[in-house]
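Below is one structure, written out as structure tokens; comments come after it.
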Amino acid sequence: MAKKLKLKPLGSRVLVQEVKDEGKGGIVLPEDVETDRDYLKAEVIEIGTDAEKIQVKKGDRVLLDGFSGKKLEIDGEEYMIVKSSDILAIEQS
């Protein structure tokens, strides 16, 4: 993410941006194929004001419950604000 957002989630909420998964071998799936997923891959953009209760940090790639959060658009980019409890896992490098 190149530009700095002026948005700070409150409490134990986390601002994330969905990461499009190209699949293995460079195969790109059409967007309509991915609509039935019950999870999303995302990157953490900002964490809430209750940071000591949040187990992720900026830049982490996470797996989210696909039915969680509120979608919003800022400067033409799509983001989601989710409860930290809706984060299912952190991607290990």
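The values are calculated or read from the model by the stated rules, or taken from the named source; none is laboratory data. A quick note: this is a predicted structure, and the numbers were derived from the prediction, not measured. All Cβ positions, even for glycine, are placed from backbone atoms using ideal geometry, and neighbour counts span all protein chains on display.
For this structure, a couple of remarks:
- Complete set of residues in segment 81-93 that are buried (at least 18 other Cβ atoms within 10 Å of the Cβ) and without any contact (Cβ under 8 Å) to a residue 40 or more places away in the chain: Asp86
- Verdict on Asp50 being closer than 20 Å to Val82 by Cα and at pLDDT below 70: no
Yes/no matrix, rows are residues, columns are (1) β-branched (Val, Ile, Thr); (2) within 11 Å of the chain's Cα centre (by Cα); (3) farther than 16 Å from Asp38 by Cβ:
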site: Glu52; (1), (2), (3): no, no, yes
site: Ser68; (1), (2), (3): no, yes, no
site: Ile74; (1), (2), (3): yes, no, yes
site: Glu78; (1), (2), (3): no, yes, yes
site: Ile87; (1), (2), (3): yes, yes, no
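- Qualifying residue in segment 68-80 (condition: at negative phi, of a type outside the set (Gly, Ala, Ser), touching a residue at least 12 places away in the same chain (Cβ under 8 Å) and surrounded by 15 or more Cβ atoms within 10 Å (Cβ to Cβ)): yes
- Taking the criterion of being of a type in the set (A, V, I, L, M) and either modelled with pLDDT of 95 or more or under 12 Å from Pro9 (Cα atoms) (or both), the residues of segment 64-86 that qualify are Met80, Ile81, Val82.
- Test result for Val82, assigned to a strand (DSSP E or B) and not hydroxyl-bearing (Ser, Thr, Tyr): yes
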